[in-house]
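Below is one structure, written out as structure tokens; comments come after it.
The values are calculated or read from the model by the stated rules, or taken from the named source; none is laboratory data. Since the model is a prediction, treat every value here as computed from it, not as a measurement. In this analysis, Cβ positions are derived from the backbone assuming ideal geometry, glycine residues included, and neighbour counts consider all displayed protein chains. Quick note on the areas: whole protein, heavy atoms, side chains included, nothing else; ligands and nucleic acids left out. Shrake-Rupley method; radii C 1.70, N 1.55, O 1.52, S 1.80 Å.
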Amino acid sequence: MIQANGYAAQNETSPLAPFSFERRDPGPQDVVVDIDFCGICHSDIHQVRGEWGNSKYPMVPGHEIVGKVAAVGSEVKRFKVGDPAAVGVIVDTCRECENCKAGEEQYCEKGTVETYNSKEYNGTPTFGGYSNVIVTDQRYVHTISPKLDPAAVAPLLCAGITTYSPLKHWKVGPGQKVGVVGLGGLGHLGLKFAHSFGAKVVLFTTSMSKAEDAKRMGADDVVNSKDEQAMAALKNSFDFILDTVSAPHDMNTYLGLLKRDGVVCQVGAPDKPAPVAAFSLIPNRRSLAGSAIGGMPQTQEMLDYCAEHGIVSEIELVGVDKLAEAYDRVVKSDVKYRFVIDMKTLKQ
Ligand SMILES: [Zn+2]
Ligand SMILES: [Zn+2]
């Protein structure tokens with residue numbers, strides 16, 4: 001076994017604290033990645049604090065993992081020792097169902113094995129990226145370009161693919177008007193992608209103090225979603241709206257902005273059901289949809305696209321000694337725009 005160190009929560013109220021555990025020795029298909037950086041996703045906080053009712057402790061969170069290959073199994077050809085590499089939200093799936101065969105592993109019919117707070121199919125608990133090393137089957141490991149700042153790549157593994165995948169699925173591109181709701185970890189990457197794909201992009205926010213940042217990242221317009229007059233003026237005009245907000249909010253407002261065959265896609269996860277009026281959907285044949293991360297081929301495609309187009313996350317780098325503070329600030333939406341943990345600080 002490989003000795004690993006990380007930070008874990010022991011129960012839903014305990015602070016994250018140093019934790020030693022074991023990773024499996026690499027099998028023929030495995031890649032051992034020494035972790036340099038791990039992003040802090042809002043879902044880490046929900047799970048650490050037991051807010052989704054599915055928490056397993058001890059829990060080492062983290063599914064936005066970037067590092068370097070430390071060893072490879074005998075059948076691994078895509079990676080060699082020293083290569084930059086990344087691991088995201090999923091570390092295994094059944095590989096045989098229709099969705100796995102289609103490269104849409106995130107919808108595996110057997111259920112995905114998630115990077116943490118989950119169990120391998122053999123029952124072993126999974127531990128995430130707030131740690132120094134991870135061992136993962138090569139199918140779920142991605143190559144990353146040395147051209148990009150590795151710390152700023154980390155959030156692409158969850159926030160990035162979560163926004164890239166629906167924009168691709170609904171074929172966002174030139175000539176379209178696209179809305180992005182919320183400028184957080186997800187929203188700022190959704191904005192960069194939608195702009196990069198050639199759409200006209202409007203950012204909806206309740207904090208107009210972010211307007212300048214939004215324009216720098218590619219927004220053509222920034223609209224205060226509380227400004228009823230401004231919202232009314234935009235009715236029936238959008239092809240696609242990516243809703244990244246996880247706080248409770250009225251989806252009918254955004255559905256009303258869609259033109260014929262328009263789609264609102266929810267990627268934020270409010271914890272309570274929200275009412276949707278039939279007459280938000282019926283006019284203009286509108287759709288309300290959802291989307292979860294992306295499959296392994298598309299995650300690699302996104303990382304390659306980001307290298308080609310110089311797209312990375314805007315980050316604040318923190319040490320492991322600042323995790324509690326970072327969590328509090330994420331909950332208050334006080335981060336520009338994703339925290340990333342520098343794992344070198346684990347050794348100090
Ligand atoms: Zn995440
Ligand atoms: Zn499957």
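So that you can scan it fast, the table gives a plain yes or no per residue for (1) β-branched (V, I, T); (2) modelled with pLDDT of 95 or more; (3) assigned by TED's automatic domain parsing to the domain that holds G190; (4) part of a helix (DSSP H, G or I):
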| residue | (1), (2), (3), (4) |
| --- | --- |
| G262 | no, yes, yes, no |
| C265 | no, yes, yes, no |
| P270 | no, no, yes, no |
| F279 | no, yes, yes, yes |
| Q298 | no, yes, no, yes |
| D304 | no, yes, no, yes |
| S333 | no, no, no, no |
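Suppose we filter region 209-259 for residues that are open to solvent by less than 60 Å² (accessible area, probe 1.4 Å) and under 24 Å from P275 (Cβ atoms); how many remain?
26
Residue by residue, here is whether (1) under 17 Å from G290 (Cα atoms); (2) hydrophobic (A, V, I, L, M, F, W, C); (3) more than 15 Å from the chain's Cα centre (by Cα) holds:
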{"position": "K147", "(1), (2), (3)": "no, no, yes"}
{"position": "V172", "(1), (2), (3)": "yes, yes, yes"}
{"position": "V178", "(1), (2), (3)": "yes, yes, yes"}
{"position": "V181", "(1), (2), (3)": "yes, yes, yes"}
{"position": "H195", "(1), (2), (3)": "no, no, yes"}
{"position": "M208", "(1), (2), (3)": "no, yes, yes"}
{"position": "D213", "(1), (2), (3)": "no, no, yes"}
{"position": "R216", "(1), (2), (3)": "no, no, yes"}
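Of the residues A17, A9, which single one is of a type in the set (A, V, I, L, M) and surrounded by fewer than 22 Cβ atoms within 10 Å (Cβ to Cβ)?
So the residue among A17, A9 that is of a type in the set (A, V, I, L, M) and surrounded by fewer than 22 Cβ atoms within 10 Å (Cβ to Cβ) is A17.
Is it true that some residue in region 183-194 is assigned to a strand (DSSP E or B) and either open to solvent by less than 10 Å² (accessible area, probe 1.4 Å) or within 20 Å of R260 (Cα to Cα) (or both)?
Initially, region 183-194 is screened for residues assigned to a strand (DSSP E or B), giving none.
No.
Tally the residues that are of a type outside the set (F, W, Y) and within 26 Å of V320 (Cβ to Cβ), restricting the search to region 106-141.
19
Quick check, is E75 assigned by TED's automatic domain parsing to the domain that holds P15, of a type in the set (D, E) and within 16 Å of ligand 2 (Cβ to nearest atom)?
In short, no.
Hey, can you tell me all the residues within region 142-171 that are of a type in the set (A, V, I, L, M) and either in contact with a Leu (Cβ under 8 Å, 6 or more places away or on another chain) or buried (at least 24 other Cβ atoms within 10 Å of the Cβ) (or both)? It would help to see each step written out before you state the result.
To start, the set of residues in region 142-171 that are of a type in the set (A, V, I, L, M) comprises 144, 148, 151-154, 156-157, 159, 161, 167.
Answer for region 142-171, where residues must be of a type in the set (A, V, I, L, M) and either in contact with a Leu (Cβ under 8 Å, 6 or more places away or on another chain) or buried (at least 24 other Cβ atoms within 10 Å of the Cβ) (or both): I144, A151, V153, A154, L156, L157, A159, I161, L167.
Is it true that some residue in region 283-292 is touching a Cys at 6+ places or on another chain (Cβ under 7 Å) and either closer than 26 Å to L148 by Cα or not in a loop (DSSP other than H, G, I, E, B) (or both)?
So the first thing to find is which residues in region 283-292 are touching a Cys at 6+ places or on another chain (Cβ under 7 Å), and the list is 289-291.
Within this subset, residues satisfying the condition of being either closer than 26 Å to L148 by Cα or not in a loop (DSSP other than H, G, I, E, B) (or both) are 289-290.
For region 283-292, residues touching a Cys at 6+ places or on another chain (Cβ under 7 Å) and either closer than 26 Å to L148 by Cα or not in a loop (DSSP other than H, G, I, E, B) (or both): present.
Tell me, which residue of region 110-134 that is of a type in the set (S, T, N, Q) and open to solvent by less than 40 Å² (accessible area, probe 1.4 Å) is nearest to S291 (Cα to Cα)?
It comes out as T112.
Is it true that V172 is within 19 Å of V263 (Cβ to Cβ) and in contact with a strand residue (DSSP E or B) (Cβ under 7 Å, 6 or more places away or on another chain)? Reasoning before the result, please.
Values: within 19 Å of V263 (Cβ to Cβ): yes; in contact with a strand residue (DSSP E or B) (Cβ under 7 Å, 6 or more places away or on another chain): yes.
It is true that V172 is within 19 Å of V263 (Cβ to Cβ) and in contact with a strand residue (DSSP E or B) (Cβ under 7 Å, 6 or more places away or on another chain).
Does R139 count as more than 16 Å from ligand 1 (Cβ to nearest atom), open to solvent by 50 Å² or more (accessible area, probe 1.4 Å) and not in a loop (DSSP other than H, G, I, E, B)?
Yes, satisfied.
Can we say I341 is at positive phi and under 16 Å from the mean Cα position of the chain (by Cα)?
Values: at positive phi: no; under 16 Å from the mean Cα position of the chain (by Cα): yes.
No; evaluated as a whole, the condition is false for this residue.
Counting only residues that are open to solvent by 20 Å² or more (accessible area, probe 1.4 Å), give me the strands (runs of 3 or more DSSP E) lying completely in region 56-109 with at least 3 of them.
65-72
Which residue is nearest to I40 (Cα to Cα), if the candidates are limited to region 153-170 and must be more than 16 Å from ligand 1 (Cβ to nearest atom) and not in a loop (DSSP other than H, G, I, E, B)?
Per the stated criteria, the residue is L167.
Conditions (1) modelled with pLDDT of 95 or more; (2) over 25 Å from V335 (Cβ atoms), marked per residue:
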| residue | (1), (2) |
| --- | --- |
| S14 | no, no |
| I35 | yes, no |
| W52 | no, no |
| D83 | yes, yes |
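Exactly one condition in (1) in contact (Cβ under 8 Å) with a residue 12 or more places away in the chain; (2) over 19 Å from F21 (Cβ atoms); (3) within 16 Å of ligand 2 (Cβ to nearest atom) is not met by K101; state its number.
So the condition that K101 fails would be (1).
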